[in-house]
Amino acid sequence: MIKSITVDKSKCIHCGMCIRDCILQCINFDSEKIPCYIENGDKICVGCQHCMAICPKGALSFGGKNPDESDATGYGDSEDLLRLIKSRRSVRFFQKQDIPREKLSEIIDMLAFPPKGGNVDSLHFSIVGTVEKMRAIEKFTYETIQAISAASPVIEFCRDNYNKGVDFIYRGAPSMVAVSVNKEKAIAGCENVDPIIALSYLELYAQSLGLGTLWSDVALSVANELPEVKALLKIPEGYELNFIMLLGVPAIKYKRTVQREPANVRIV
Ligand SMILES: Cc1cc2nc3c(=O)[nH]c(=O)nc-3n(C[C@H](O)[C@H](O)[C@H](O)COP(=O)(O)O)c2cc1C
């Protein structure tokens, strides 16, 4: 990330909103009342870009980015969003087709936006993007599992079911996303939170694109138990697998939402 602040003096109205919204107070006015980094401000700055996002005149550029190229803020309808949240289901039946490339690209673009503690990018996403690759991983996983003599309960469970024709690990999904985290880089206390936030955003966005998802702690356990399976995810050195989400075009359609009991909430 390039950390720099440049201001178009002809547009700046000296309102100071960028200064007030800077979480780490690394911006102030210079002698001409133009916002700039304070001394060593670039070292303190986490690159959240609030300064650029809040500027009412589009006068401030962060990292050389053109503020006019940012998308307009706002969203459609809160009822629509709630319907999406309620309509989301764990999908366990997928069409045997690759996810359309453009949808995968949209998901990849989206992954830059979920919040991360301290705005530190400590995540890595390994995406298996085709049916062919997924089936190769499935084949290798079950061959490995069949060869284990003293298996753990999870492995035993997966093996028994596979022998009965049910794949509890990958569910025939054409894609999966494995998120891993570099715990050295991540802000302390956020290392197990950032990955889950990213997958939560991914899950909802995928459903809005007509795709289905499944959080798979079974796939996670299997990958963690079988290093040769985990190796297929090509997780970079220094990164630790955090979770796996299956992804694909659903082969089922839910007609209605579920009806949940109210959440356990106390307003204090
Ligand atoms: C962290 C997490 C792990 C999960 N792991 C699995 C899994 O390994 N296999 C599976 O079939 N479902 C898994 N699920 C799906 C849950 O069983 C599912 O969310 C729950 O039954 C409610 O159904 P819904 O997601 O359709 O509302 C997981 C869900 C979460 C949030």
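Tabulated data
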read-out	value
In the range 1-89, the chymotrypsin sites (Phe, Trp or Tyr not before Pro) that fall in loop regions by DSSP, at most 14 other Cβ within 10 Å	75
Residues with amide H under 5 Å from that of residue 213, placed H, sequence gap 5 or more	91
Distance between modelled label sites at residue 31 and residue 156, nm, 7 Å Cα→Cβ extension	7.8
Positive minus negative residues near residue 103 (Lys, Arg vs Asp, Glu; Cβ under 15 Å)	-4
Antiparallel DSSP beta bridges within the chain, percent to nearest 5	95
Cβ-Cβ FRET estimate between residue 264 and residue 193, R0 fixed at 30 Å, reported to 0.05	0.90
Cα-centre dipole for the chain with unit charges at Cβ (Lys and Arg positive, Asp and Glu negative), debye to 20	800
Distant-in-sequence amide H partners of residue 175 (H built 1.01 Å from N, under 5 Å)	247
Virtual paramagnetic centre 7 Å along Cα→Cβ of residue 9, amide N under 19 Å, in the range 20-47	28-38
Interchain or long-range residues, amide H under 5 Å from residue 240's placed H	181, 182, 183
Straight-distance crosslink candidates among lysines, where the alpha carbon sits under 20 Å from residue 65 and sequence neighbours closer than 8 are dropped	3, 9, 11, 43, 57
158, 26, 12 arranged by Cβ crowding within 10 Å, fewest neighbours leading	12, 26, 158
From the C-alpha gyration tensor of the chain, square roots of 5λ in Å	43, 22, 17
Sequence of 257, 144, 213 once ranked by neighbouring C-beta atoms within 10 Å, starting from the fewest	257, 144, 213
Reachable lysines, given that their alpha-carbon falls under 22 Å from the alpha-carbon of residue 164 and they are not under 8 places away in the same chain	96, 139
At most 12 other Cβ within 10 Å, DSSP loop - GluC sites (Glu not before Pro), the range 94-177	none
Cleavage-rule hits (chymotrypsin sites (Phe, Trp or Tyr not before Pro)) in the range 170-268: DSSP loop, at most 16 neighbouring Cβ within 10 angstrom	254
Karplus 3J(HN,Hα) series, Hz, for the range 171-181 with 6.51 cos²θ - 1.76 cosθ + 1.60 (x for Gly, Pro)	6, x, 5, x, 8, 8, 10, 10, 9, 10, 9
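Throughout, read-outs are computed from the coordinates displayed, never taken from laboratory work. Because the structure is a prediction, the values reported are computed rather than measured. So basically every Cβ, Gly included, is an ideal-geometry build from the backbone, and we count neighbours across all protein chains shown.
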